[in-house]
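Just below is one structure, and these are the notes that go with it.
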Amino acid sequence: MKVAVVKESAPGERRVALVPETVQKLRQAGLEVLVEKGAGDSAWFPDGAYTEAGATVTTTDNLYATADVVLTVTRPDEAALGMLRPGQAVIGMLAPLTDPHLARTLAERGVTAISLDGLPRTLSRAQGMDALTSQANVAGYKAALVAAEAYGRFFPLLITAAGTARPAKLLVLGTGVAGLQAIGTARRLGAQVSGYDVRPASKGEVESLGATFIELTSAVSAAGEGGYARELTAEERDAQQAELAAHIARHDVVITTAQVPGRRPPLLVTADAVAAMAPGSVIVDMGASPLGGNVAGSVPGEAVVTANGVTIIGAENLAASVPTASSNAFARNISALLLQLVAEDALKIDTTDDIQAGVVVAHGGEVVHPAVAKLLAAESANQGS
Ligand code: NAD
C-alpha cells in the first residue's frame with residue numbers, strides 16, 4: 001500500500017503531515033511512503049531526511065497518480081481535489097462540520113475522506129491520535145509568546161538597580177487544552193495568571209498550574225457533551241460579557257481560546273471591555289476567524305491597535321508557526337490512526353468501530369458521518385423550501 005505526504009499549500013501553513021521519524025515507523029509496518037518534493041521544507045525536514053528514512057520523494061502528479069492514501073494536515077486545495085481519484089483515501093484535519101461541502105465533493109469523487117478532528121477524544125485508545133489536542137497544545141504555548149512579544153513591559157517581576165517592574169497580570173479565557181498550555185507558558189515567563197472557563201471541571205486544572213480561577217457571580221455551568229462546552233443562551237452570554245469586562249479591565253494581557261464545536265466562537269471580550277483596558281494592554285484572540293472571534297474588533301492574521309492603545313492580535317493557526325514541534329506531534333497522531341485503519345495492506349473501513357465512526361466522513365460514494373450528512377441534508381432542505 002502506498003501512503004503519500006503532500007506539500008501543504010494554504011497560506012502560512014508550514015506543517016507537514018509526516019516527519020522522517022514516522023516514515024520509518026510506517027516502513028516497518030510494511031507501507032510504502034511517497035513524499036511530495038519539498039513537503040517538509042517549511043518545517044525544516046529536507047527531502048533527503050525522508051529519503052534516508054526510506055521514503056521516495058516524488059512529483060505532485062506521480063504522487064496523486066499512484067498513492068492509495070494521501071496524508072495532509074489541512075484540507076486539500078482545489079488543485080489537489082482535481083487530482084484525487086476514485087478509490088483513493090485522504091486523511092487530514094478536514095473540518096467537516098465547518099465545511100461539509102468538501103465531504104460531499106470527496107464522496108462524489110469516490111474518495112474516502114477521513115478527518116482527525118472527529119476523533120472521540122475521551123476514548124483512551126484514541127489519545128495517541130488526538131491531533132486537536134496536540135495542535136492546541138502547540139498553539140497555546142505560542143499564544144503566550146506572541147502576547148509577551150507584543151507587550152511593552154516585562155512578564156516577570158524584575159528587581160534591578162534601574163527600578164522594580166511588577167509582573168504582568170494575564171488572563172486566559174477558555175481553559176481547555178490551548179488555554180492550559182498558555183497558562184503554563186505564561187507562568188513560566190513569570191506573569192501573574194488567572195483563568196476562566198464555563199466548564200466547572202476546569203477550575204481544578206487551572207489551579208493545579210498555579211493560576212487563579214475566576215468565578216463569575218452570574219456563573220453558568222455550560223459543560224456540554226464529550227467534555228466540550230455548550231453554546232450559551234443570549235441571556236447567559238450578556239451576563240457573562242458584562243461581568244467579564246470588569247476582570248478584563250484589571251489585566252494587562254488577555255489570551256482567548258474559547259470554542260464551541262461546530263459553532264462560531266463565542267464573543268467574550270466586547271468593544272466596551274476593550275475600551276476599558278489600559279493603553280499598552282495586549283489581547284491575543286485564538287478564536288479569530290472570518291466569522292468573528294472571541295474579541296470584538298479582532299482581524300484574523302492581523303494586529304490591530306485600538307484608539308485607546310490596546311493591541312488586538314487575531315491569532316490564526318498558531319500551531320503552523322511552530323512547525324517542527326507541531327509536525328512531529330501531528331505525524332505521530334496521523335500515523336497512529338493510519339496504522340489502526342490498515343489491515344492486510346489496505347484500509348479496512350468499518351464504521352461500527354468507535355474510532356472509525358468518528359473519523360470516517362465519506363466512503364463508497366456517500367457521506368457516511370451522521371453529523372456531516374445531517375448538515376448537508378438541512379442545507380438542501382433549506383434550499384428546497
Ligand atoms: P475547545 O477548543 O472546544 O474550547 C476551548 C475552551 O473554551 C474549552 O475549555 C471550553 O469550555 C471553553 N469555552 C467555550 N465557550 C466558552 C465561553 N462562552 N466562555 C468561556 N469558555 C468557553 O476545547 P478543547 O481545548 O478542545 O477541550 C475541551 C475539553 O475536552 C476539555 O475538557 C479537555 O480536557 C477535554 N479533552 C479531553 C481529552 C481526553 O480525555 N483525552 C482530550 C482532549 C480534550
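The values are calculated or read from the model by the stated rules, or taken from the named source; none is laboratory data. All figures in this text were calculated on a predicted structure; none of them were measured in a lab. Reconstructed Cβ throughout: ideal geometry from the backbone, glycine too, with neighbour counts over all protein chains shown.
Points worth noting:
- The single condition among (1) outside any helix (DSSP H, G or I); (2) farther than 22 Å from residue 211 by Cβ; (3) of a type in the set (Val, Ile, Thr) that residue 274 does not meet is (1).
- Residue in the range 242-263 that is farthest from the chain's Cα centre (by Cα), counting only those that are modelled with pLDDT of 95 or more and under 18 Å from residue 140 (Cβ atoms): 251
- Among the residues of the range 215-253, those that are among the aliphatic types (A, V, I, L, M), assigned to a loop (DSSP other than H, G, I, E, B) and near the ligand (Cβ under 8 Å from one of its atoms) comprise 222, 232.
- Set side by side, the residues 285, 353 differ, and just one is charged (D, E, K, R), surrounded by fewer than 16 Cβ atoms within 10 Å (Cβ to Cβ) and at pLDDT 95 or above, which is 353.
- Contact annotation: residue pairs with Cβ atoms under 9 Å, 6 or more positions apart or on different chains, pairing a residue in the range 211-229 that is charged (D, E, K, R) with a partner that is within 11 Å of the ligand (Cβ to nearest atom), are 215/196; 225/261.
- Taking the criterion of being surrounded by fewer than 21 Cβ atoms within 10 Å (Cβ to Cβ) and either hydrophobic (A, V, I, L, M, F, W, C) or farther than 18 Å from residue 339 by Cβ (or both), the residues of the range 5-30 that qualify are 7, 9, 10, 11, 12, 13, 29.
- The range 102-125: number of residues that are within 16 Å of the ligand (Cβ to nearest atom) and part of a helix (DSSP H, G or I): 5
- Boolean, residue 89 is of a type in the set (Gly, Ala, Ser), away from the ligand (no atom under 16 Å from the Cβ) and modelled with pLDDT of 95 or more: yes
- Looking across the range 148-206 at every residue that is part of a helix (DSSP H, G or I) and of a type in the set (Ser, Thr, Tyr), the one that is nearest to the ligand (Cβ to nearest atom) is identified as 202.
- Flag for residue 298 being touching a strand residue (DSSP E or B) at 6+ places or on another chain (Cβ under 7 Å) and either free of Cβ contacts under 8 Å to residues at least 12 places away in the same chain or not in a strand (DSSP E or B) (or both): yes
- Residues satisfying the stated conditions in the range 192-202, i.e. surrounded by fewer than 24 Cβ atoms within 10 Å (Cβ to Cβ) and farther than 22 Å from residue 167 by Cβ: 199, 200, 201, 202
- Restricting the range 324-339 to residues that are crowded, with 23+ Cβ neighbours inside 10 Å and of a type outside the set (A, V, I, L, M, F, W, C), the residue that is farthest from residue 145 (Cα to Cα): 335
- Scanning the range 44-84 for residues that are in contact with a strand residue (DSSP E or B) (Cβ under 7 Å, 6 or more places away or on another chain), part of a helix (DSSP H, G or I) and closer than 15 Å to residue 21 by Cα yields 47, 50, 51.
- Where a residue in the range 254-271 is within 11 Å of the ligand (Cβ to nearest atom) and its partner, wherever it lies, is basic (Lys, Arg), with Cβ under 7 Å and at least six apart: 260/230; 266/237
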